[in-house]
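Worksheet: the structure to be examined is printed underneath.
The values are calculated or read from the model by the stated rules, or taken from the named source; none is laboratory data. Here the structure is a predicted model, which is why all the values come from computation and not from measurement. Every residue, glycine as well, gets a Cβ built from its backbone with ideal geometry; the counts of neighbours run over all protein chains shown. Each accessible area value is taken on the protein alone, full model and side chains, heavy atoms only, with ligands, DNA and RNA left out. Shrake-Rupley method; radii C 1.70, N 1.55, O 1.52, S 1.80 Å.
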Amino acid sequence: MYKQDLDKYLQTKIPKAIFLYGESEFYISHYGELIASKIGGEVNRIYFDNNFNNVLNLLSGASLFGDTNIVLLRTYNTIPSNTLKQILSSIEDKSFLIVEFYKNPSISDTEYAKRYRSMGTTFKLYPNCLEVRFFAPTFNEGLYLLRDKAKKLGLEVHANALEFLLEVQNNDIGIALNELEKFAIDKKITSELVEKLSYGIASLNIEALINALFDGENIALILEKLEEEGIEEMDLLREVQRHFYILFKLYAYSKAFGRLDYKEALGYTPPPKVAEGLSRRALRLKSEQFVKILDTLSLWRIDSMRGVANSKLINLSNIKFCIDRM
């Protein structure tokens, strides 16, 4: 089953168990939360815990007050076939299972496909159990989601503002949707406001942190200030990740064409001062450094989801070491 099939299904029915996988982490997470909200009830979230017996125990046991019981499992690992069959066959009347299966950064696309096909086949064996594959949202799909949220926020949308926001966020719909919250105060979104509020780094301390990665300053002190501001780790990760993706796009374009054209490489032209800083950093790094940095950002995401202590400082220090020493 694909996204459009799931959309039709959810108009009239709710699956007893569903397996979500594919090329879009955003859609996997988005539909996991959407389905949980449609079911309604207590949600037991199990993130990256390989003890799948916990899932079995939660689904086979009734809720403490006899209410709806939902288990939302987020995992990189394959559930063994026999264990999965046991889980699916033991779901109680008021219990539901949502499995978000993400690609582990350490495995190939081929290996990921092998794993999701195996699990998806098992889901098909049971009634009212679905398996859904997602592809990366197209630009138009991203715009549809942005328009829908802007409408819910009561925002007045000016011409091309949402397109510009999506381009600035490197077509990452998850980040772009979060960014819309910033425009609630003004009750409108224009290209000028996007450039002011979403272009570049949202916080001076985040900008200082990224500067410190390149300029040899103490990142621990800046992290302390960010924590005092109350910034969420995933928000910080997204900002740092977006910055390095922009640098990589500029680097790749320069390697391919022997020149830099910001409009062609990024889809928009940054202000001159910002463009100068981006190009200087992009051309400073080498291919192997980008690979290491992007891998570290992926590992940071995993560490954050697992609740690893000091994951911000550890992974940022690794990125800084990569920039300074490689």
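Anything in the chain that counts as a DSSP H helix reaching 20 Å or more along its axis (C-alpha) with Kyte-Doolittle mean of at least -0.5? List them, would you? Sorted by number, the helices that extend far enough and score high enough are 25-39, 233-257, 287-306, 311-325. Taking label points 7 Å from Cα along the Cα-to-Cβ direction, Thr110 and Lys182 give a separation of 4.2 nm. Once the chain from Asn57 to Glu217 is taken as fully extended at 0.36 nm per residue, the excess over their C-alpha distance is 52.7 nm. Using the Cβ-Cβ distance between Asp7 and Asp295 with R0 set to 45 Å, the FRET efficiency from 1/(1 + (r/R0)^6) comes to roughly 0.85. At the residue level, Arg306 shows approximately 130 square angstrom of accessible surface with a 1.4 angstrom probe and all protein chains present. Each residue was assigned an accessible area with a 1.4 Å probe, and for Asp93 the value is about 130 Å². Computed with a 1.4 Å probe over protein heavy atoms only, the accessible surface of the chain comes to 50 Å² per residue. With contributions of -39500 (n - 2.57) from each DSSP H run of at least four residues, the per-residue ellipticity at 222 nm computed over the chain stands at -18500 deg cm²/dmol. The solvent-accessible area of Ser279, taken with every protein chain present and a 1.4 Å probe, is close to 20 Å².
Partner lysines whose Cα lies under 26 Å from the Cα of Lys152, excluding those fewer than 8 positions away in the same chain, are identified as Lys3, Lys8, Lys13, Lys38, Lys182, Lys187, Lys188, Lys196. Our note on the geometry: Cα centres of region 107-185 and region 257-326, 23 Å apart. Largest first and in whole Å, the equivalent-ellipsoid semi-axes of the chain read 38, 24, 19, each the square root of five times a Cα gyration tensor eigenvalue. Counting protein heavy atoms only, region 23-176 has 49 percent of its accessible area on carbon and sulfur, 1.4 angstrom probe. Extension gain, Glu23 to Arg147: 0.36 nm times the residue separation minus the Cα-Cα distance gives 42.3 nm. Close amide H contacts of Leu130 (hydrogens built in the peptide plane, cut-off under 5 Å, sequence separation of 5 or more or a different chain): Ala17, Ile18, Phe19. Approximating the spin labels as points 7 Å out from Cα along Cα→Cβ, the Val308-to-Asp261 distance works out to 4.0 nm. So which of Lys249/Lys292; Lys149/Lys312; Lys85/Lys124; Lys103/Lys312; Lys16/Lys85 end up more than 18 Å apart, counting from Cα to Cα? As for pairs spanning more than 18 Å Cα to Cα, those are Lys149/Lys312; Lys103/Lys312.
Projecting the Cα positions of Tyr144, Thr121, Leu56 onto the charge dipole of region 27-146 (unit charges on Cβ atoms of Lys, Arg, Asp and Glu, taken about the Cα centre) puts Thr121 furthest along the positive direction.
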